[in-house]
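Notes for the one structure printed next.
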Amino acid sequence: MLVYFFDAKLLTFYLVTKKITDCITANLFNPSASAKMVAWWAYTISRCKNCDIESKLASKVSDNDLCAACQCLRQAQSQRAKKRPSPQEYAQLKQKVVDWANNNLDITQVQDSNKTSNPIRWSYVTSNDGNTIGIGKVFFNEMIHKNKRNPLLPDIVEASIYFKQWIPKATRVRIESGIHHTFDFSVYHVSWNGYNIEFKCKLTDGELLYNMTFV
């Protein structure tokens with residue numbers, strides 16, 4: 001006769017860690033907003049909410065100091081970091097960021113232009129050193145194209161939509177001449193939520209956000 005043992009705690013832990021891993025694989029897990037190692041409260045135990053281990057610091061913490069859920073999460077993050085986005089994942093991320101831009105960029109009325117009767121989606125943010133930077137949908141298309149083969153593309157896409165948080169903290173570090181373009185680029189650096197971000201702006205009619213990545 002077979003005897004089955006049921007351990008509710010082990011089953012709960014398995015379901016929680018599996019859900020976290022599945023969320024990471026599907027690019028649905030985003031610890032950046034709260035900077036916690038485990039930030040999806042709906043799928044974690046209540047004690048995770050008060051955990052003082054930040055997501056980017058966790059790589060420096062030994063496994064002995066992490067709970068089993070964090071160890072599982074670290075392993076899943078490591079596996080994803082080595083994997084380039086598949087064509088399907090790339091298409092999904094591109095659609096996600098384009099939809100976000102269509103729905104969340106500010107509606108701007110352009111004066112003395114053929115677009116005056118048709119307001120465009122355009123936002124303006126001022127950098128830490130006082131430069132006004134324009135952000136349009138072109139930035140999101142360029143950003144995702146330039147990072148197409150970057151294993152960190154899901155995180156870059158997620159960070160890109162928070163430009164109103166990291167641009168005000170950014171400082172211009174240099175001006176670059178365009179190699180394949182007739183205009184120059186201003187280059188900015190900023191640290192945000194554990195990431196070091198470098199972004200470039202086109203120097204044409206003012207500064208227009210062109211691309212970003214992690215460095």
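Candidates are the residues of the range 149-194 that are aromatic (F, W, Y) and either touching a Leu at 6+ places or on another chain (Cβ under 9 Å) or in a loop (DSSP other than H, G, I, E, B) (or both); the one that is nearest to S127 (Cα to Cα) is F163. Annotation: Y195 fulfils all but one of (1) under 27 Å from Q79 (Cα atoms); (2) more than 13 Å from the chain's Cα centre (by Cα); the unmet one is (2). Scanning the range 57-78 for residues being surrounded by 10 or more Cβ atoms within 10 Å (Cβ to Cβ), modelled with pLDDT of 70 or more and polar (S, T, N, Q) gives a total of 3.
The values are calculated or read from the model by the stated rules, or taken from the named source; none is laboratory data. Note that the structure is predicted; figures quoted are calculated from it, not measured. All Cβ positions, even for glycine, are placed from backbone atoms using ideal geometry, and neighbour counts span all protein chains on display.
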